[in-house]
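Below is one structure, written out as C-alpha cells, with a few remarks after it.
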Amino acid sequence: MGASFDGNDGNDGNTANAGSAGNATSTSAGWFFADRVDLPLVTEPDTGPNAPSPPEPIGSLPTINLPWFPARNWSADWYSWLALNDFAGSGWQATIKPNNPPTGFGDAWMWPNWVPYPLPAGWSWSVPEAGSIIQGEIASLVTAAEDERADALAEILSQCYEFISYFLNMMTARPGAYPQTTRVLSIASLVGTFVAMYFKNLYSRPRPSQLCPALLPPIEIPGHASFPSGHSTQAHLMVLCMNDVFNGLLQQATMIDDLWTLADCIARNREIAGLHYRSDTCAGMALSYWIHYVLTSAGQQTHYQQTVLAAAGEWQ
C-alpha cells in the first residue's frame, strides 16, 4: 500500500483488494486491541471527573442515547457499497449503449476502442476481422514487455491490488484529512469494477497470455476475462469523479490533467505487464465516461452526489 495512508485513519485507507480487480472490496482486518484475560476493561472503576463515590465499574455507566449509526462513521470502502446500491437500481444497463454514446464522446466508443454491441451473430474473438487486430495488439505487448517491463515493474506490483493511494498522494491528501474525497474515489473504484465485470462476462475475451503464454505476466493473472480493463475503467472514472469535486475551483484544470495522466499510466502498466490489450484499456476509458454519465444523471445516485458536494467542501 502506498505511503499516503496513516495506518489508523479509521480504516479509510485500507482499500487493498482480492482478485487483482484494482480497488474492488475491502479485505482489511481492522484494528485489534488486546484485553486482559482475568478482568476486562469494563470491570475497571470509574476514575473520571464525574465518578460517583464509591466508584462504580465503567461497565455500569449509562449509555449515550444515539439511535443511529453516524453517517461519518461509514468508512470509505463500505460507504461505496451504499452508492453501488443506488447505481445498481438505476437501470444503468439500459442507459449504457455503446452504439449511441452521449454528446462529446466522439470516436472513443468505436472499434478498436470497443467491440460491436450487442455481439453480432457468429462473433467471437477469433473471427477474421478481430484476428488481425489482436495479432497486432499481441505484437505490441511483446515489444512492451521487452522494452518497458523492467522499468515499470515496481509500479506494476504496487498497483496490482490498489491505486487509490496514488491518486491521494498526487493530490497531497490523506484519508483522515480528506474522508469525503476518499469516499468519492472508493465509489468510483467499486462502481467501475461492478460495471466492468458485467462487460467482462458479456464479451469473455481471453487474456493476452492465453494467446501468447511467453508474455508471462510478473503477477498473478486475474481470474476473470480481459475486456474491458478494470484498472482503466476505475482509474479514469476516478478522474471524472474528481473533476466533479474540483468543479469551479482554482486547481481544477491542472489537477485533472495530472490525474488523467496518472490514470493513463496505471492502465498502461497493465499492458506492459501482459495482462491487457490496448483495446481493453481504451474500452475501459470509454466505459468510464458512460458510468460517470449515469452517476451524474438525476435520479437515484444520492450517495454519490451528496459525497461529491461534501468532498468539494474539503478543498475550499
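The values are calculated or read from the model by the stated rules, or taken from the named source; none is laboratory data. None of these values were measured; they are calculated from a predicted model. We place every Cβ from the backbone using ideal geometry, glycine too, and count neighbours over all the protein chains shown.
Number of residues in the stretch 219-260 that are in a loop (DSSP other than H, G, I, E, B), in contact (Cβ under 8 Å) with a residue 12 or more places away in the chain and surrounded by fewer than 17 Cβ atoms within 10 Å (Cβ to Cβ) equals 7. If you go through the stretch 269-308 and keep only what is β-branched (V, I, T) and closer than 17 Å to F163 by Cα, you end up with I272, T281. Check the stretch 148-171 and report whether any residue there is part of a loop (DSSP other than H, G, I, E, B), under 21 Å from E137 (Cα atoms) and polar (S, T, N, Q). Within the stretch 148-171, not a single residue is part of a loop (DSSP other than H, G, I, E, B), under 21 Å from E137 (Cα atoms) and polar (S, T, N, Q). Within the stretch 53-77, restricting attention to residues that are among the hydrophobic types (A, V, I, L, M, F, W, C) and crowded, with 16+ Cβ neighbours inside 10 Å, the residue that is modelled with the highest pLDDT is A76.
One residue is enough: does the stretch 28-46 have a residue meeting the conditions modelled with pLDDT under 75 and surrounded by 10 or more Cβ atoms within 10 Å (Cβ to Cβ)? Looking through the stretch 28-46, at least one residue is modelled with pLDDT under 75 and surrounded by 10 or more Cβ atoms within 10 Å (Cβ to Cβ). Of all residues assigned to the stretch 265-274, none qualifies as being among the acidic types (D, E) and over 30 Å from T143 (Cβ atoms). In the condition set (1) assigned to a helix (DSSP H, G or I); (2) more than 27 Å from S186 (Cβ to Cβ); (3) of a type in the set (S, T, N, Q), N65 is compliant with all but (1). Just so you know, in the stretch 284-302 the residues that are part of a helix (DSSP H, G or I) and over 16 Å from the mean Cα position of the chain (by Cα) include one that is nearest to Q252 (Cα to Cα), and it is Y293.
The set of residues in the stretch 179-204 that are charged (D, E, K, R) and surrounded by fewer than 24 Cβ atoms within 10 Å (Cβ to Cβ) contains only K200.
Close contacts from the stretch 280-306, counting a first residue that is touching a residue at least 40 places away in the same chain (Cβ under 8 Å) and farther than 17 Å from Q234 by Cβ and a second that is small (G, A, S) and outside any loop (DSSP other than H, G, I, E, B), with Cβ to Cβ under 9 Å and a gap of 6+ residues or different chains, come to Q301/A83; T302/A83; H303/S80; H303/A83. G176 falls short on exactly one of the conditions (1) surrounded by fewer than 21 Cβ atoms within 10 Å (Cβ to Cβ); (2) among the small types (G, A, S); (3) assigned to a helix (DSSP H, G or I); (4) within 19 Å of the chain's Cα centre (by Cα), and that condition is (3).
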